[in-house]
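Inspection log for the structure reproduced underneath, given as structure tokens.
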Amino acid sequence: MAEDMVTTLYAPDAGEEPLLSLPDVSMLKTAPVTRLSFRGREEARKAAGKGFGFALPTKALNAKTKDDKAALWLGPDEWLLLAQDDALETTLSSLEKALSETPHALVDVSHRQDAILVTGSKATWLLNVGIAIDLHIDAFAVGTVTRTLFNKAPIMLWRVSEDSFVVEAWGSFMDYVSGIMIEAAEELKAA
Amino acid sequence: MSQPFRLEKGGRIDRNASVTFSFDGEELEGYQGDTLASALLANGQHLVGRSFKYHRPRGIVTAGSEEPNALVSIHRKGDQTPNIRATQVELYEGLEATSQNRFPSLGFDVGAINDILSPLFPAGFYYKTFMWPKSFWDRVYEPIIRSAAGLGYAPKNPDHDRYANTYAHCDVLVIGSGPAGLAAALSAAESGARVILCDEQAEFGGSLLSETTSTIDGLAPAEWIVKTVTTLAGMDNVTLLPRTTAFGYFAQNFVSLAERVTEHLAQPDAKLPRERLWQVRAKEVVIAAGSIERPMVFPENDRPGIMHAEAGRTYLNRYGVKVGDKVLVATACDSAWQAAFDLADAGTEIAAIADLRPNPPESLVSIAKARGIRVETACSVTGTSGRKRVSKALLGRISESGSVSAAGEVACDAILMSAGWTPTVSTYSQSRGKVVWNEEAQAFLPGVHVQNERSAGTCQGVFGLDAVLKDGYAAGEDAAKAATGKTGKVTYSIGSGDEMISGTFMGEIPHDRDASRVKAFVDYQNDVTAKDVKLAVREGMHSIEHIKRYTTTGMATDQGRLSNINALAIASKALDKPLTAVGLTTFRQPYTPTTFGTFAGQSRGQFFDPVRKTPSHDWAVDRGAEFEDVGQWKRAWFFPQDNEDMHAAVARECKIAREKVGLFDASTLGKIEVVGPDAAEFLERMYTNPWKKLGVGRCRYGLMLNDAGFIIDDGVVGRIAEDRFHVTTTTGGAAHVFATMEDYLQTEWPELDVWITSTTEQYAVAAIQGPLAREVIAPFIEGIDLSAEAFSHMSVATGTFCGVPCRLFRISFTGELGFEVNVPRRHGEMVWKTLAAEVEKRGGVFYGTETMHVLRAEKGYIIVGQETDGTVTPDDCGMNWAIGKKKHDFVGKRGLARPDLVAENRKQLVGLLTTDPKVVLEEGAQVTTSANPAKGTPADGHVTSSYHSATLGRSIALAMVKNGRALEGETLYVPMPEGSIPVKITGTVFFDKEGERLNG
Amino acid sequence: MLLIHCPYCETERPELEFVCRGEAHIARPQDPSSQTDEQWAEYLYLRENHKGIYAERWRHIHGCGRFFNAVRDTVSDKFLSIYKTGEPKPDLDALAARFAKSSAEAKK
């Protein structure tokens, strides 16, 4: 799954230099994607699955992916739905059609947050500079997604492979989040 | 000869790596592997500091982090770090250290007069003396006391080092790496648990590092350490952290560690952090903190050269340093005898072993005799002499009745003392466990366990190498099993060594001197004597907590690890109560002093707090904008041109915005998308205004109260669809409003079919305000009819701007024709630049938050948090028009009917015009009815907003004034230091009272 | 820093991710207009805030965003019970008794 997600949904932004590029860890800005905040009750979740193409996860902190789409559990009535950047209109309309009879809220938040990919054997080390949760593979399995804090900034963290993570933050928080990681990674360059 | 007290051989130092360092400017030599303390001792330097209060010469007492005296300043790269324990400083080439609390020099210190005047400085001296006059405290007493008594100087420059933070998790955290800690780490790791092992020292091994007489599995202790540490280092599930102090134990096994990453390096790579804070969450903790020796409280026990017996042994065995040429060993415990034997074997003359006990073990006596060492039993040290180094000790003979008679004197240049061992229960105590007195061990030991921890080894009163190892293995296995449910193959080692721990003494050593004159120190660092403790008891301090605060005993950086038990014993004797009835003070975090840098980590400078920027930020920087902080946001404040000051820039921006057009970044306003069939019903409940009849494509100003009836936020709400609203909030209120809405939705009205989503950062928002606003946006908008008829004031529509999706609002916070263009954030910069070019083309301005404030004040629009302060109602602001009168309920409705909220004489929002139009009032200034109110008269109100209005050519102000609306036309006063300023009460709208400009 | 079990995320998270919102089980009166001034003042301001076993509202604000209720011993900071919004308030006395018994057993 991980490689798929990296190469399809979260493609490194072609025009951007890597934020960090070290043998053990790298940080890349990703190209824009479609992000939809979906909220509703169980009936709405079921209906949304039909409109989105696959069932939205019910298990806490879990992500489901299929083709070039992903559905991320963020709360018991809240999911983040991801699709290709150019699929905003089609995804929205197919969801709204499936949901027309069911109370729900679907909001385009594609621009609200930015994403970076943190990859490498030192990825968990670098993330734990500011993230207070246990990222050991036994405690935070591949596919786990959660909102949490990076120091003082709210983020969303999604483990897409053993050593690869998507970190999303609201646009104005991203410089703070990536800046601290770049600063912290400085010691990896020491002789 | 260099290093005259260094032995020819022995120790763990690298004799091939000689290191040059300086102490108080003098160049000295030591070896790699030395601490500053061991290197100083190798050079015969015992005198390392002056005491806190009496400025008495002081020497090195210990070999560990509990060191009370040897506090030095370390200088590096032009900076200095004060109050570092020389016993913990690893020597490196070029290390520069200076002593503290002495003037002009360590050898000659004028402050030492305090020692002669010491009868003037009894316990509680500060409390008793500096009481009167009160006004003297700040300006006279405190500065003098601070400069005379004290430790090192705080550094003055910003800290240029980097500091790191990491969160870590493990199954088992082992604190301390002596025999118990190493055994625990090994058995936990072999059980498969994720293990972190930390130790404050540079090397793992703890007491084993200075142990020469025992063996483990037939290996010398040093060899066993290498074998064990190599095994641990080869395991994936183990993290080894040397030079790392577990300084704080907090709730639910949250333990903070401070790792000193580069302190020991001569040329640290600037990329490395100096220190790292480890915030560890451990499922289980093994505390293997060991124990420390207890000093003997005899008269003049503080001269340089007097130290713990085990410290003397450590300097000998670990560093190859003899602490003196002629050493007196004063003890009440067996272990000091071993120190005497080791020293004697290394060629040092032992002046005598003076044991308090009448019958020390015969085995020890015979070993001493075999070495020709003089042994004195039932013998105490009753005094010492020597100015900068001890030169002589007085001995006393203790009779069976307890009386002491003089027993001659002994010449010596060092005294090794031991009153027994105190298990280190600090970390356990921090875990909120309660210690209990153990009669057999004669010590306070861990009692009730509150968290998932267990102690192992001597810190819980288990002594003897083999017993300690067994205790460690068992603790590690037990911890791993508790954490993971698993046990694994565990290799036990068998230790052999003599039991050397019997014998203990607590309190003041009996002597035949005048008790009212001699100083027998209990707490070295804080200069507290046995006499002080007894005085505190006489003066009514009966609880150890009171005695501690009155005398300051136990309040030094070691938190009484050295002094507590002796102080307790002295107090218990003075009170004639058993030790356990006096109580023990609580050990708190941190275990040893911890730097601010460690706590701050990366959170400093640009990363102290998130700095949030809008998409127009870089553009505004290029245009020379000044910025102001609004919460975490950087907002353009004003755009000065040609060296304008703020006043001139704002006057220009205001004028041109009203005459032509102005562009303002409103992106920071909070935005919430409220969606669902019950969206209107939800807003009906959250805001004072009615919403159900608001048409799609229309906007309304919304006012939000709390249930107490006070204004907490406001903003414009647009109806995008029947079941979809675009809500805006204040910049500062965004997070709070969102949380409040979620709270009501989740906990009060879960039945409503409505959900909220924050869209604050989904959109970038440009406000275009002024008569030319329509012309500015028209060329770029598609899909929206902008005519006044089709798109009237308070409309919202969806279209495109330069081809990107856009939500266009026709709203105004200036009183002018106004639009707000909302576009997806990543298009914000493009849209902004497009608008900016158009605005410039038409002779308009860019304006910042200051001009926004002036323009809205001219119209009497409130700003929540400026006109309101959490105690202001809609009626107070003259905003009853915003309340839906027919609504049965909304948040705050019942609150508005509370007696105090409908009472007479509430403060009301009014306008103020100064008689002199040039005078701009100060915001926050008081408003009174009398020009010269008598002192103590309550104010009738206060100024909430005040500006110079370029449009009106005069100053304007808004104020909350008691019964203000009834006073319109009357003159009140704003008393200022330069005299009262007369002001006329007016309505709140200063400009375009009819509101016609909105309809442009 | 406490470790708090979120009943929605079904995992323990550090306290950093949560906010405490005071005493639980204080419902907003159904019909505020029928409340006397005294009743309304009590609803707005009066809280037990006692030392010991206490039912509180918490929100996993930097996680799933959900409010939930928790019974905490304010002396030891131990959580005795955590339950979802809408579930009934547990019998605090029974919880306290069970807690006292289990801590007595835990003492070594």
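Considering the conditions (1) surrounded by fewer than 20 Cβ atoms within 10 Å (Cβ to Cβ); (2) more than 9 Å from every other protein chain (Cβ to nearest Cβ); (3) at pLDDT 95 or above, C:R28 is excluded by exactly one of them, (2). Of the residues making up segment B:464-521, those that are without any contact (Cβ under 8 Å) to a residue 24 or more places away in the chain and open to solvent by less than 20 Å² (accessible area, probe 1.4 Å) number 0. Only one of the numbered conditions (1) within 11 Å of chain C (Cβ to nearest Cβ); (2) surrounded by 18 or more Cβ atoms within 10 Å (Cβ to Cβ); (3) farther than 22 Å from B:A483 by Cβ is violated by B:G447, and that is (2). Screening A:A48, A:A44 for residues that are in contact with a Pro (Cβ under 8 Å, 6 or more places away or on another chain), closer than 18 Å to A:S93 by Cα, modelled with pLDDT of 95 or more and open to solvent by less than 30 Å² (accessible area, probe 1.4 Å) leaves exactly one candidate, A:A44. If you check B:G64, B:G94 for being of a type outside the set (D, E), in a loop (DSSP other than H, G, I, E, B) and buried (at least 20 other Cβ atoms within 10 Å of the Cβ), only one passes: B:G64.
Taking A:G179 as the residue in question, decide whether it is in contact with a helix residue (DSSP H, G or I) (Cβ under 7 Å, 6 or more places away or on another chain), more than 30 Å from B:E275 (Cβ to Cβ) and at the interface with chain B (Cβ under 7 Å from one of its Cβ atoms). Reasoning before the result, please.
Details: in contact with a helix residue (DSSP H, G or I) (Cβ under 7 Å, 6 or more places away or on another chain): yes; more than 30 Å from B:E275 (Cβ to Cβ): no; at the interface with chain B (Cβ under 7 Å from one of its Cβ atoms): yes.
Answer is no for this residue.
Please go through segment C:16-32 and pick out each residue that is in a loop (DSSP other than H, G, I, E, B) and without any contact (Cβ under 8 Å) to a residue 40 or more places away in the chain.
Across segment C:16-32, the qualifying residues are C:I26, C:A27, C:R28, C:P29, C:Q30, C:D31.
Out of the residues in segment A:120-132 meeting the condition of being within 7 Å of chain B (Cβ to nearest Cβ) and β-branched (V, I, T), tell me which one is surrounded by the most Cβ atoms within 10 Å (Cβ to Cβ). Give the steps one after another, and end with the answer.
At the first step, the residues of segment A:120-132 found to be within 7 Å of chain B (Cβ to nearest Cβ) are A:128-129, A:131-132.
Pick out the ones that are also β-branched (V, I, T) and you get A:129, A:131.
Numbers: A:V129: 20, A:I131: 25.
My answer is A:I131.
Counting only strands (runs of 3 or more DSSP E) that sit completely within segment B:193-284, those holding 1 or more residues that are open to solvent by 20 Å² or more (accessible area, probe 1.4 Å) and acidic (D, E) correspond to B:254-260. Of all the numbered requirements in (1) touching a residue at least 12 places away in the same chain (Cβ under 8 Å); (2) under 24 Å from A:H111 (Cβ atoms); (3) crowded, with 22+ Cβ neighbours inside 10 Å, A:R159 misses one, and that requirement is (2). In segment B:803-827, the residue that is nearest to B:Y763 (Cα to Cα) out of those that are away from every other protein chain (no Cβ under 14 Å) and in a strand (DSSP E or B) is B:V821.
Of all the residues that make up segment B:349-359, how many are open to solvent by 10 Å² or more (accessible area, probe 1.4 Å) and touching a strand residue (DSSP E or B) at 6+ places or on another chain (Cβ under 9 Å)?
To start, the set of residues in segment B:349-359 that are open to solvent by 10 Å² or more (accessible area, probe 1.4 Å) comprises B:349-351, B:356-359.
Adding the requirement that they be touching a strand residue (DSSP E or B) at 6+ places or on another chain (Cβ under 9 Å) leaves B:349-351, B:356-358.
Residues flagged as open to solvent by 10 Å² or more (accessible area, probe 1.4 Å) and touching a strand residue (DSSP E or B) at 6+ places or on another chain (Cβ under 9 Å) within segment B:349-359 amount to 6.
Taking the numbered list (1) among the β-branched types (V, I, T); (2) touching a strand residue (DSSP E or B) at 6+ places or on another chain (Cβ under 9 Å); (3) within 14 Å of chain A (Cβ to nearest Cβ) in turn, B:V630 passes all entries but (2).
Can B:A339 be described as open to solvent by 30 Å² or more (accessible area, probe 1.4 Å) and of a type outside the set (D, E)? The answer is no for B:A339.
Answer with yes or no whether B:T422 is away from chain C (no Cβ under 14 Å), among the β-branched types (V, I, T) and part of a strand (DSSP E or B). Yes: the conditions hold for B:T422. Scanning segment A:85-119 for residues that are within 11 Å of chain B (Cβ to nearest Cβ), surrounded by fewer than 19 Cβ atoms within 10 Å (Cβ to Cβ) and β-branched (V, I, T) gives a single hit, A:T102.
Just one of the listed residues (A:P57, A:P23, A:P32) is more than 14 Å from the chain's Cα centre (by Cα) and either surrounded by 15 or more Cβ atoms within 10 Å (Cβ to Cβ) or within 13 Å of another protein chain (Cβ to nearest Cβ) (or both), namely A:P57.
Between B:V297, B:V381, B:V323, the distinction of being buried (at least 24 other Cβ atoms within 10 Å of the Cβ), closer than 25 Å to B:K9 by Cα and touching a strand residue (DSSP E or B) at 6+ places or on another chain (Cβ under 9 Å) belongs to B:V323 only. Within segment A:57-66, the set of residues being out of contact with any Leu (no Cβ under 7 Å at 6 or more places or on another chain) and in contact (Cβ under 8 Å) with a residue 24 or more places away in the chain comprises A:L61, A:N62, A:T65. Of all residues in segment B:720-761, those satisfying the criterion of being in a strand (DSSP E or B) and without any contact (Cβ under 8 Å) to a residue 60 or more places away in the chain are B:A721, B:R724, B:F725, B:V727, B:T728. The one condition from (1) open to solvent by 10 Å² or more (accessible area, probe 1.4 Å); (2) under 28 Å from B:L36 (Cβ atoms); (3) assigned to a helix (DSSP H, G or I) that B:I367 does not meet is (2). Of all residues in segment B:737-757, which are at the interface with another protein chain (Cβ under 9 Å from one of its Cβ atoms), open to solvent by 10 Å² or more (accessible area, probe 1.4 Å) and of a type in the set (S, T, N, Q)? Selection gives B:Q746, B:T747. Step by step: first the residues of segment A:151-170, then only those that are within 23 Å of B:R826 (Cα to Cα) and within 12 Å of chain B (Cβ to nearest Cβ), then the one that is farthest from the chain's Cα centre (by Cα). Which residue is that? Restricting to residues being within 23 Å of B:R826 (Cα to Cα) and within 12 Å of chain B (Cβ to nearest Cβ), the top hit is A:A153. Kindly indicate whether C:P14 is within 7 Å of another protein chain (Cβ to nearest Cβ), crowded, with 16+ Cβ neighbours inside 10 Å and in contact with a Lys or Arg (Cβ under 9 Å, 6 or more places away or on another chain). The answer is yes for C:P14. So, in segment B:539-567, exactly how many residues are assigned to a helix (DSSP H, G or I) and not β-branched (V, I, T)? Residues that pass the stated criteria total 8. A residue that is modelled with pLDDT under 95 and assigned to a helix (DSSP H, G or I) can be found somewhere in segment B:148-162. In this structure, B:R454 does not satisfy being among the basic types (K, R), part of a loop (DSSP other than H, G, I, E, B) and at pLDDT 90 or above. Residues in segment C:33-73 that are touching a residue at least 40 places away in the same chain (Cβ under 8 Å), within 23 Å of B:Q746 (Cβ to Cβ) and more than 10 Å from every other protein chain (Cβ to nearest Cβ): 2 in all.
Give B:F890, B:F846 a once-over and let me know the one that is buried (at least 17 other Cβ atoms within 10 Å of the Cβ) and either closer than 30 Å to B:H617 by Cα or among the polar types (S, T, N, Q) (or both).
Working: B:F890 fails: either closer than 30 Å to B:H617 by Cα or among the polar types (S, T, N, Q) (or both).
After ruling out the rest, the residue left standing is B:F846.
The values are calculated or read from the model by the stated rules, or taken from the named source; none is laboratory data. Since we're looking at a predicted model, the values are computed, not measured. Reconstructed Cβ throughout: ideal geometry from the backbone, glycine too, with neighbour counts over all protein chains shown. Keep in mind that these areas ignore ligands, DNA and RNA; they rest on the heavy atoms of the full protein, side chains included. Shrake-Rupley method; radii C 1.70, N 1.55, O 1.52, S 1.80 Å.
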